[in-house]
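No value in this document is a laboratory result; all are computed from the given coordinates. Note that the structure is predicted; figures quoted are calculated from it, not measured. Using ideal geometry, Cβ is built from the backbone for each residue, glycine included, and neighbour counts are taken over all protein chains shown.
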């Protein structure tokens, strides 16, 4: 099958998933699209916003739509790594040790309020998110495919939380800021849930096998040299900016490159344009950077500095 035909399949899948998720979530087209881009790139998602904006609801609706096995962990300060990974226990009936897998051995894992767990427990996810395997008592076990972690955190409540270390943040391909709904969307929410506050159960619109095929298609989307150079220049500007003490890493650049391919495929294109990169950069780069003390004192945020870089970086144009 030609590349364009395979990309059409990706677009059709994205439409099906979006329509399914929006049976529960009102609006949020860009947030849903970001999640799908991460899925197509075998990446992980950090959903971050104030309580009540639909972070957990979006994660559950997406998991139901995918037709994949689903596990959920409610992160708390007393959560142990074994509660995430699983444990070997002695079976008195068989007189042998047996492994009881933890929630991480699911294709979609919802890590709810991930910043409430201790750093030791948070680190239990590092190997799984990077290498799609988990090591328990010296034995490495592969995780089911596709594998995706969707984590939520509340950025305004600091009491009883443990900030995610940079190594953990870097494992998340995209950070999705839900934001408040528009007045029209909020009115639609009232109408949709005025009679019943329970979320409806939606049917899966795809399978793990189809998702795997689409994940193989995404890397075939063409990225021309000027667009590739544009991504490289953005990364360099984050490393040279006076307000940023730690710029975007090569892994961040690779995430921006891959998600740009997925974004184009979701739109039905077999080539990346600079607008794809500009749209995705604020969701890919800021959570991987560390601001300078001066920038923090001035009240700057990483997103603001990325927006500033995007306005000053020369954009390639078609001759």
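General remarks:
- Anisotropy class of the chain from Cα gyration tensor, a/c 1.5 cut: rounded
- 12 Å reach of a label modelled at residue 251, 7 Å along Cα-to-Cβ, counting backbone N of region 121-150: 126-132
- Between residue 232 and residue 50, the distance separating the two model label sites (each 7 Å from Cα on the Cα→Cβ line) works out to 4.3 nm.
- If you plug the beta carbon distance of residue 78 and residue 131 into 1/(1 + (r/R0)^6) with R0 = 22 Å, you get a FRET efficiency near 0.20.
- Here residue 100 and residue 8 are evaluated by their C-beta separation; at R0 = 41 Å the FRET efficiency comes out at 0.40.
- Placing dummy labels 7 Å off each Cα toward the beta-carbon, the span from residue 300 to residue 69 is 4.6 nm.
- Antiparallel bridge percentage (DSSP; both residues within the chain; nearest 5): 40
- Shape box of region 185-319 [Cα atoms, principal axes, largest first, Å]: 52, 40, 28
- Helix content alone sets the calculated 222 nm mean residue ellipticity of the chain: runs of n ≥ 4 DSSP H residues at -39500 (n - 2.57) each, divided across all residues, give -13000 deg cm²/dmol.
- Computed from the C-beta positions of residue 206 and residue 87 and an R0 of 30 Å, the FRET efficiency is 0.40 to the nearest 0.05.
- Shape parameters for region 45-143, alpha-carbon atoms, Rg then Dmax in Å: 14.9, 50
- Cα long-axis angle, helix 208-217 against the chain (0 to 90 degrees, to the nearest 10): 30
- Computed from Cα positions, the angle between helix 3-21 and the longest principal axis of the chain comes to roughly 60 degrees.
- Maximal additional length on extending the residue 239-residue 167 stretch stands at 24.2 nm, based on 0.36 nm per residue less the C-alpha distance.
- Relative to the dominant Cα principal axis of the chain, helix 55-66 is inclined by about 80°.
- By average C-beta atoms within 10 angstrom, highest first, the peptides 310-316, 102-108: 102-108, 310-316
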